[in-house]
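Derivation of every value follows stated rules applied to the coordinates shown; laboratory data play no part. A quick note: this is a predicted structure, and the numbers were derived from the prediction, not measured. Reconstructed Cβ throughout: ideal geometry from the backbone, glycine too, with neighbour counts over all protein chains shown.
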Amino acid sequence: QVQLVESGGGLVQAGGSLRLSCEASGIFFSISAMGWYRQALGKQRELVASIESSGSTNYANSVKGRFTISRVNAKKMVYLQMNSLKPEDTAVYYCNAIYSNQGYWGQGTQVTVSS
């Protein structure tokens, strides 16, 4: 069965950094598209960043230049390095995998940025 397990969330002051990690199992990771989404309280879930099996990346405009998504296929890991964090980045962050035309989600990790 597919499992995505996120870690690395927490409380940080504005301007600080965090790195989120997502460990995948149960999928052929190297051919899966991976992504990070977030959902703030009272808002819809939105794409933060994605990375294809080729390594091609895509970012939401609100995080361009501050966040970096990366993957290590041998470890079945995807990361989200978040720098220059802002209070508006506060949300639950979810790891997502697209494999065999199906989408899978992790349980989420809370990121809180204080002003």
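Prolate is the label for the stretch 1-110, because a/c, from the alpha-carbon gyration tensor with a ≥ b ≥ c as root eigenvalues, is 1.5 or above and a/b exceeds b/c.
Expressed to the nearest 5 percent, the antiparallel share of DSSP beta bridges inside the stretch 1-82 is 100 percent. Placing +1 on each Lys and Arg Cβ and -1 on each Asp and Glu Cβ, with no other charges, gives the chain a dipole about its Cα centre of roughly 120 debye. For S114 and S70, the difference between the fully extended length at 0.36 nm per residue and the C-alpha to C-alpha distance is 13.3 nm.
Based on alpha carbons, the Rg and Dmax found for the stretch 1-48 are 13.4, 38 Å. Charge tally around M77: other residues with Cβ under 14 Å, Lys/Arg +1 each, Asp/Glu -1 each, net +2. Sorting 105-114, 58-67, 75-84 by their mean Cβ neighbour count within 10 Å, with the most densely packed peptide first, gives 75-84, 105-114, 58-67.
Of all lysines in the structure, those lying under 25 Å Cα to Cα from K64, and not within fewer than 8 positions of it along the same chain, are K43, K76, K86. Across the chain, the mean sequence separation of Cα contacts (distance under 8 Å, 6 or more residues apart), normalised by length, yields a relative contact order of 36 percent.
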